[in-house]
Amino acid sequence: MKPFFQVQSLEQVLAYARQVKPLVSEEVPLDQALGRTLAADFAAPHDLPGFTRACMDGFAVVSADTFGASEALPAYLALAGEVRMGRSPDFALAPGQCGRIMTGGELPPGADAVVMVEHTSYLDGATVEVTRPAAPGSHVLGPTDDAEAGRVLLPVGRRLRPQDLGLMAALGRERVEVVRRPQVGIISTGDEVVPVASTPRPGQVRDVNTHTLAAAVSAAGGLPRALGLVADDEAALKAAVEDTLAHDDLTLLSGGSSVGARDLTVQVFTSMPGSELLVHGVAVAPGKPFIWVRAGSKNLLGLPGQVASCLVAYYVLVEPVIERLLGREPMPFTRFGRAKAMLTRNLPSVHGREEYLRVRLLAKDGQAQAEPVFGKSGLLRTLVEGDGLVRVERDREGIKAGAEVTVLTWPAG
């Protein structure tokens with residue numbers, strides 16, 4: 001039976017995305033974990049730094065000895081010793097004493113603050129002049145200031161950043177449990193599409209979607225696998241889909257701009273064992289022709305063939321599924337920036353569908369402005385010249401010039 005084209009809301013699509021099961025975890029060396037997703041909470045195995053340490057070069061002091069110190073009336077302290085880096089102090093401070101210390105050194109017993117070296121001077125080899133008071137805890141890190149044993153420092157689902165890896169290194173973690181990266185099969189269809197290396201004849205275009213989708217999948221944390229161009233032929237398309245179902249965690253098929261080609265995509269998708277048609281049309285522009293078929297534990301997603309529409313629809317509808325496979329909340333635009341700006345021109349939209357329109361960001365008289373970049377869905381120029389997208393809600397018929405909008409700025413990579 002031919003599936004019925006029935007437009008659903010973006011919220012319904014995201015509800016299906018929440019049903020997707022995250023992939024299993026794997027252990028990787030710490031130095032290979034950048035950008036990967038934590039598969040379990042990371043809790044501190046011990047206190048960090050584990051001892052009281054200086055965070056400035058100067059002198060460890062008993063803070064009460066410095067109260068009221070100034071350039072006009074300095075405090076004078078007896079030098080009790082010097083803290084050697086990487087070793088525990090071999091002396092303690094009594095009232096009226098201080099100890100030379102460098103950044104990272106362990107405070108000697110009795111000390112509760114550090115006076116910066118800029119606020120001190122030697123009178124002789126045994127006496128130090130202090131010209132600035134130090135409150136208790138000044139320029140000092142406590143034993144648990146960075147981490148307390150047992151405390152969760154990095155939650156499950158976090159995309160690991162360089163500073164996160166640094167924290168793990170400081171706590172002795174050599175290997176990290178992360179979610180396996182999803183392998184994503186990419187199929188481009190269309191009798192008019194030719195490889196990038198070819199010279200298109202009249203009526204032909206080069207394959208853009210394979211390359212933009214592969215780059216977007218990589219940036220999202222996935223592993224793209226391009227299956228190449230497939231003609232608008234049922235047998236060829238079915239063979240490609242069977243291939244990706246056997247080897248990949250997720251399948252993206254771009255093409256099928258015409259109604260007949262869309263029907264062929266649905267027909268092939270739903271012919272797979274255990275298939276269930278979830279979505280056949282979404283109230284989103286671009287992205288209305290979006291198709292989602294669940295085949296057992298795998299998911300087959302059909303995207304528009306027009307190049308600009310394909311990429312924007314990927315960010316709105318596909319990346320949430322990849323986020324879920326990686327164990328995160330399936331939300332669109334998680335890697336996009338946000339910028340407030342004033343709209344320079346009226347931004348028309350169609351009531352009843354959520355629309356994402358391209359804009360460029362400008363600065364005029366110290367104010368950020370968003371200028372619409374108008375163009376048809378097949379124009380790559382609108383993506384290249386634009387700095388991001390403005391969302392128009394379903395119940396609005398556009399946004400008037402002068403309104404403040406939130407621009408979803410393109411991710412860096």
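Being open to solvent by less than 70 Å² (accessible area, probe 1.4 Å), in contact (Cβ under 8 Å) with a residue 24 or more places away in the chain and among the hydrophobic types (A, V, I, L, M, F, W, C): is that true of residue 92 here?
Working: open to solvent by less than 70 Å² (accessible area, probe 1.4 Å): yes; in contact (Cβ under 8 Å) with a residue 24 or more places away in the chain: no; among the hydrophobic types (A, V, I, L, M, F, W, C): yes.
When the stated conditions are applied, residue 92 does not pass them.
Does residue 407 count as assigned to a strand (DSSP E or B), β-branched (Val, Ile, Thr) and at pLDDT 85 or above? Yes: the conditions hold for residue 407.
Taken over region 393-413, residues that are among the aliphatic types (A, V, I, L, M) and crowded, with 16+ Cβ neighbours inside 10 Å amount to 4. Residues in region 335-380 that are modelled with pLDDT under 90 and of a type in the set (S, T, N, Q) were compared, and the one that is most open to solvent (accessible area, probe 1.4 Å) is 377. One residue is enough: does region 1-11 have a residue meeting the conditions assigned to a loop (DSSP other than H, G, I, E, B), surrounded by fewer than 19 Cβ atoms within 10 Å (Cβ to Cβ) and over 37 Å from the mean Cα position of the chain (by Cα)? Yes, the conditions are met somewhere in region 1-11.
Is it the case that some residue within region 379-397 is touching a strand residue (DSSP E or B) at 6+ places or on another chain (Cβ under 8 Å), among the basic types (Lys, Arg), under 24 Å from residue 219 (Cα atoms) and in a loop (DSSP other than H, G, I, E, B)?
Just the residues of region 379-397 that are touching a strand residue (DSSP E or B) at 6+ places or on another chain (Cβ under 8 Å), to begin with: 382-383, 385-394.
From what's left, among the basic types (Lys, Arg): 391, 394.
This time we only want the ones that are under 24 Å from residue 219 (Cα atoms), so: 391.
Still in the list and also in a loop (DSSP other than H, G, I, E, B): none.
No, region 379-397 contains no residue that is touching a strand residue (DSSP E or B) at 6+ places or on another chain (Cβ under 8 Å), among the basic types (Lys, Arg), under 24 Å from residue 219 (Cα atoms) and in a loop (DSSP other than H, G, I, E, B).
Here 81, 104 are screened, and the one residue that is in contact with an Asp or Glu (Cβ under 8 Å, 6 or more places away or on another chain) and not hydrophobic (A, V, I, L, M, F, W, C) is 81.
Every test in (1) open to solvent by less than 40 Å² (accessible area, probe 1.4 Å); (2) in contact (Cβ under 8 Å) with a residue 60 or more places away in the chain; (3) under 25 Å from the mean Cα position of the chain (by Cα) is passed by residue 390 save one, and that test is (2). Looking across region 12-33, just one residue is in a strand (DSSP E or B) and either hydrophobic (A, V, I, L, M, F, W, C) or closer than 30 Å to residue 113 by Cα (or both), and that is 28. Residues that are open to solvent by 10 Å² or more (accessible area, probe 1.4 Å) and out of contact with any helix residue (DSSP H, G or I) (no Cβ under 9 Å at 6 or more places or on another chain) number at least 1 in the following strands (runs of 3 or more DSSP E) confined to region 268-334: 275-280. In region 162-175 there is no residue that is within 20 Å of residue 24 (Cβ to Cβ), under 18 Å from the mean Cα position of the chain (by Cα) and at pLDDT 95 or above. Consider region 34-57 and keep the residues that are under 10 Å from residue 105 (Cβ atoms) and part of a strand (DSSP E or B). The one that is most open to solvent (accessible area, probe 1.4 Å) is 53. Filter region 156-204 down to the residues that are touching a residue at least 12 places away in the same chain (Cβ under 8 Å) and assigned to a helix (DSSP H, G or I), then identify the one that is farthest from residue 306 (Cα to Cα). By that ranking, first place goes to 170.
Within region 227-250, the set of residues being surrounded by fewer than 16 Cβ atoms within 10 Å (Cβ to Cβ) and either assigned to a loop (DSSP other than H, G, I, E, B) or not charged (D, E, K, R) (or both) comprises 228, 231, 233, 235, 236, 239, 246, 247.
The values are calculated or read from the model by the stated rules, or taken from the named source; none is laboratory data. As the structure is a prediction and not an experimental result, all values here were calculated from the model. Neighbour counts run over all protein chains shown; Cβ positions are idealised from the backbone, glycine included. For accessibility, only protein heavy atoms count, side chains too; no ligands or nucleic acids. Shrake-Rupley method; radii C 1.70, N 1.55, O 1.52, S 1.80 Å.
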